[in-house]
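Reading through the C-alpha cells given below for one structure.
The values are calculated or read from the model by the stated rules, or taken from the named source; none is laboratory data. Keep in mind the model is a prediction, meaning the values are calculated, not measured. Here the Cβ is made from the backbone with ideal geometry for all residues, glycine too, and neighbour counts use every protein chain on show.
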Amino acid sequence: MTEPQVLLTGNGITRIFGKGNERQTALDDVSVEVRAGECLALIGGSGSGKSTLTRILLGLDRPTSGTVTFEDESVDGSKSVGYQALRRESSLVFQSPFTSLDPRWTVAKSVAEPLKIQHKYAKIDGSDIDRKVHESLSLVGLDPNEFLSRYPVDLSGGQAQRVAIARALVTDPKLIVADEPMSAIDVAARLQILKAFAAIRKSRPDTAIIMISHDLGVVQHIADRIVVLHHGKMVESGTTDDVLNRPKAAYTRELVAAASL
C-alpha cells in the first residue's frame, strides 16, 4: 500500500528569542511531518511551543535553525515557492469564532470571502460561489437556508465555530490548521464540532488537519498521530493509541493522568 503524500515537513526546528542573557529557547530541534488525509495533534501545556511551531510551519515566523517544506518546496520567506503554495492550499480555524468573524457580515458573506480572495484575478461564477458555500455549511451540519442570512450575533458559540470551519473548507484546502478550536466552546457544543471534523475527514479523505490542543479528550476522537511538546522539546510522538494508552515520556503520562481525573 502506497504511503500518503507528505504535505508539510518541519525538520530540526529551533527557535530562539532574544540575545545574550535574554535568550529564550522556544523550540529545540523539533521535527514533524504531516501527510495527506491525516490528522496530527500538537499537544502540550502553556509555553510548550505549540503556537511557535505552528507559526513556523505556516511560514508566519522563521526558525533560528531548521527547515520547513510544503510539497517538497522550501517555505522560506513570503516570496518562496513553498510559502506561496502553502498560502493557497491551507486554511486556519482560530480559537475564538467571534473574534475571527466580522460582526457586520452575514454568514453567506463570511464563508464566501476566501473564495473571492482566491479568485481575485480570475473570474468565478456567482452560482459556483453559492454552491460551494452551501456545500461547506451543509458539511459542518448547518442548514444553509437557515443560516446564510444570519449575523454572528445571531449564532451560538458552537454555530459560530462551525461557520468558521465552513469558511476554512470553502476553498478545498489541502491543509486545515485548527488552533484550539473547542477551547472557547461550551461542552454541549463540542460534540457538534467533533462531528463537523469527522464529516470533513469522511467527505474529503485527502485533506490533512493539524489540531493544536491541550484537551486529550478532543484529541483522542480525531487525531491519527500525536506530537507532545514540553518546554520547547518534542518529548513523544506516535499514533494516538500508543501515545494515550502506552505513553513513554513522564510528561505524557502526567497529561494522560490529569485528563483521567
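Annotations
- Looking at Ala258, Ala188, Ala178, Ala208, just one residue is closer than 30 Å to Asp29 by Cβ and either more than 20 Å from the chain's Cα centre (by Cα) or acidic (Asp, Glu) (or both), and that residue is Ala258.
- The range 157-175, subset more than 13 Å from the chain's Cα centre (by Cα) and among the β-branched types (Val, Ile, Thr), residue farthest from Glu71 (Cα to Cα): Val163
- Pick from the range 119-137, criterion surrounded by 14 or more Cβ atoms within 10 Å (Cβ to Cβ) and assigned to a helix (DSSP H, G or I), ranking: modelled with the lowest pLDDT: Ile129
Conditions tested, residue by residue: (1) within 12 Å of Ala164 (Cα to Cα); (2) of a type outside the set (Phe, Trp, Tyr); (3) in contact with an Asp or Glu (Cβ under 8 Å, 6 or more places away or on another chain).
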site	(1), (2), (3)
Ala85	no, yes, yes
Ser91	yes, yes, no
Phe98	yes, no, no
Leu101	yes, yes, no
Ile124	no, yes, no
Asp128	no, yes, no
Ser136	yes, yes, no
Pro144	no, yes, no
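- Scanning the range 12-41 for residues that are of a type in the set (Gly, Ala, Ser), surrounded by fewer than 15 Cβ atoms within 10 Å (Cβ to Cβ) and more than 14 Å from Pro63 (Cβ to Cβ) turns up Gly18, Gly20.
- Of residues in the range 58-72 being in a loop (DSSP other than H, G, I, E, B) and over 19 Å from the mean Cα position of the chain (by Cα), the one farthest from Ile209 (Cα to Cα): Thr64
- Residues in the range 229-246 that are part of a strand (DSSP E or B) and within 17 Å of Glu38 (Cα to Cα): 3 in all.
- Restricting attention to the range 148-197, the residues being assigned to a helix (DSSP H, G or I), crowded, with 18+ Cβ neighbours inside 10 Å and among the charged types (D, E, K, R) number 3.
- Every listed requirement among (1) in a loop (DSSP other than H, G, I, E, B); (2) farther than 25 Å from Ala199 by Cβ is met by Ser51 save one, (1).
- Tally of residues being closer than 23 Å to Glu33 by Cα and among the aromatic types (Phe, Trp, Tyr) across the range 69-106: 3
- All of Asp186, Asp143, Asp179, Asp154 fail the test of being in contact with a strand residue (DSSP E or B) (Cβ under 8 Å, 6 or more places away or on another chain) and not small (Gly, Ala, Ser), apart from Asp179.
- When restricted to residues that are of a type in the set (A, V, I, L, M, F, W, C) and in a helix (DSSP H, G or I), the range 1-33 contains 0.
- Filtered by the rule that a residue be in contact with a Pro (Cβ under 8 Å, 6 or more places away or on another chain) and in a loop (DSSP other than H, G, I, E, B), the range 34-48 gives Ala36, Gly37, Glu38.
- Residue match in the range 225-243 (condition: more than 28 Å from Glu71 (Cα to Cα) and without any contact (Cβ under 8 Å) to a residue 12 or more places away in the chain): no
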